1. For region B:76-133, enumerate the residues that are of a type in the set (Val, Ile, Thr) and open to solvent by 20 Å² or more (accessible area, probe 1.4 Å).
2. Looking at A:ASP269, A:ASP242, can you tell me which residue is farther than 30 Å from A:ASP213 by Cβ and in contact (Cβ under 8 Å) with a residue 40 or more places away in the chain?
3. Those residues that are farther than 24 Å from B:GLY124 by Cα and surrounded by 14 or more Cβ atoms within 10 Å (Cβ to Cβ), I need them from region B:209-218; list them, please.
4. If a residue has to be in a loop (DSSP other than H, G, I, E, B) and touching a helix residue (DSSP H, G or I) at 6+ places or on another chain (Cβ under 6 Å) to count, how many in region B:184-209 make the cut?
5. With the requirement that a residue be without any contact (Cβ under 8 Å) to a residue 60 or more places away in the chain, in a helix (DSSP H, G or I) and in contact with a helix residue (DSSP H, G or I) (Cβ under 8 Å, 6 or more places away or on another chain), what does region A:187-214 give you?
6. How about region A:290-322: which of its residues are touching a residue at least 40 places away in the same chain (Cβ under 8 Å) and not in a helix (DSSP H, G or I)?
7. Show me the strands (runs of 3 or more DSSP E) found entirely inside region B:9-93 where at least 2 residues are farther than 18 Å from B:LEU155 by Cα and at pLDDT 75 or above.
8. For region A:215-237, name all the residues that are outside any helix (DSSP H, G or I) and open to solvent by less than 60 Å² (accessible area, probe 1.4 Å).
Amino acid sequence: MSTTDQTQTDPYAPSQETTSGPVYTVTGQDWDTVVSGVDPDISERIVVNMGPQHPSTHGVLRLILEIEGESVTEARCGIGYLHTGIEKNMEYRTWTQGVTFCTRMDYLSPMHNEAAYVLAVEKLLGITDQVPEKAEVLRVMMMEVNRISSHLVAIATGGMEIGALTVMTVGFRERELCLDIFELFSGLRMNSAYLRPGGVSADVPDGGLDAVDRFVALMRKRLPELAALCNQNPIFKGRLQDVGYLDLAGCLALGVTGPALRSTGYDWDLRKKQPYSGYDTYDFDVITRDEPDAYGRFRIRLDEMDQSLRIVEQCVSRLRGLEGAPVMVADKKIAWPAQLAVGPDGQGNSLEHIRHIMGESMEALIHHFKLVTEGFRVPAGQTYVSVESPRGELSCHLVSDGGTRPYRAHFRDPSFSNLQATAAMSEGGMLADVIVAIASIDPVMGGVDR
Amino acid sequence: MTQDPSSTAVGGEEVVPSTARTLEVIDVREGMFGVHGSGDTSGYGGLQRPVAMPEASARPYGGWFDEVADRLEQVLGESVGAGAVESAVVDRGELTLHVSRERVRDVCQHLRDDAGLRFELCSGISGVHYPHDAGRELHAVYHLLSMTHNRRIRLEVAAPESDPHIASVVSVYPTADWHERETYDFFGIVFDGHPALTRILMPDDWPGHPQRKDYPLGGIPVEYKGATIPPPDERRSYS
């Protein structure tokens, strides 16, 4: 790139010479000044650094794009901007405390993070069969509500990134309803640490099931509206169709799972293929399409939300028949001693439990203290448990040395693997289509970087 | 740690004879509250607890595990325990194959390409650091998934800290690219043959490998309502 004349004085878009050529800093609406500084007959390559702080990169994702005009010839990802050392931190907390860490990884599907971890702990403990039915139904219900909220954000932000702001506002409005359900059941809208080894943290609240019924009824009305807005919209289809193409062989080689894999027509869904938490007892369909592009993935997400509503309805009817049933494993050496309750100073242990341990039983106090500070021990060994998160296969590799803390916890986050397909999906296409391709695999950087 | 007598020593380390133990003892913990020497006045100071991982299993493994092992022995031309596959562990309904670090690429190639095995998806690679497992401190764990047969197996490959090299499987499973980079970043395992083995999550100039057990968690004491709470890795721990 020749730089014969560097006379620009724009303080917001300065340029500097480096050993690998001139570097321009572009902050928006000053592209013309940069272009004017570039020789029109360039034969050298231009490398554009996009992100990590950029509204269209779906989070703190850095894209390094080599462009020729508006075509992308090479695309690479830079990740790690949201690394928080969650896996390392979990090695210094008890098995139960681990839930509050892993729920923060993929912040759009906290329930699935928790489920993968909790199922792995239970498998190491060998208590998978002892988890009460009500806890399993509650887990499935929360995971499916979570799937709806995650898909809504995927569609909302994907729409926003191509300029469809109404899709964004509609998506976030509906997602709010999902978060209300989380708040009602767990006390927290995100990062709720609702699933615990052995069960769930709290029983169904008063009026909880009616609220879920209203939610399902409202979503049944509003999801078709979203479909009517987008499905046949010529601009939407024009931007999404044939963009971000990745066929079955590409998906398997690059480890891509979830809606992107199902958009190739392969019905791989762990809920059906390797059922957990009793998914094999629910009636639902796996959605596939033969359009392995951004549009096919969008339609799959839309249809999967309908299927999730079906599962949620079945969960509610089961929960109505399980009133008063336990939500935590019966083994007192593992079960968290107290259930959560809302008190005057916020959420905490139930008052009855406090009265019991502080006023009635010394042994109960000792038991509570030991289990909460020391925690339970998990027999040595390792396990690998996978769940179908909204983005694909989310797995937890958990190693125990027989102690009160995980020896090693590793999460195979679907976004991490799926993001490797960026180059295959966007090279050779237009610069604007890179955004669509990445939005179609819906990476969540909290999960990628952990 | 069980070492098969016929397996070769890696990195110039002495091979421990397998006849001495039956369990895979990787460490021995002492005391109760993470205090060592004269500091522990709790009376639990003499407590000793060996840390043992599940031991190698003998045939039959049960279910489809034998089918996979038979087929793998056929395509490799060597039996489990006498070649590339050093041992097999069946625990909690999962099959783990311990594979030698030079041959892991070969084994993966067969596992992917043979129609009877067909593990077409490498789900992920994670590292585990066992600082007391002498000569085999660093483990890389591969999680393979066969969608055709709906099966999962796990490969475990060990390397000594003094020579942390393992053959890369990127040429077999392209998805292993980022997973191997992550394992290198956090454990310092060098995957020979990887196209561009650089750090992925930590900054490029970061010193050390954070997920190793001797790498401190870090943190500062926090004062709350007059009490000072030490950082998590300095708090009382139950060994």
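1. Scanning region B:76-133 gives B:VAL80, B:VAL90.
2. A:ASP242
3. Of everything in region B:209-218, just one residue is farther than 24 Å from B:GLY124 by Cα and surrounded by 14 or more Cβ atoms within 10 Å (Cβ to Cβ), namely B:LEU217.
4. Final tally of qualifying residues: 8.
5. Those that are without any contact (Cβ under 8 Å) to a residue 60 or more places away in the chain, in a helix (DSSP H, G or I) and in contact with a helix residue (DSSP H, G or I) (Cβ under 8 Å, 6 or more places away or on another chain): A:GLY208, A:ALA211.
6. Within region A:290-322, A:GLU291, A:PRO292, A:ASP293, A:LEU322 meet the criteria.
7. Result: B:24-30, B:48-53.
8. Across region A:215-237, the qualifying residues are A:ASN231, A:ASN233.
The values are calculated or read from the model by the stated rules, or taken from the named source; none is laboratory data. This structure is a prediction, so every number in the text was calculated from the model and none was measured. Glycine gets a Cβ as well: all are built from the backbone with ideal geometry, and neighbour counts include every protein chain shown. These accessible areas exclude ligands, DNA and RNA; they are computed on the full protein's heavy atoms, side chains included. Shrake-Rupley method; radii C 1.70, N 1.55, O 1.52, S 1.80 Å.
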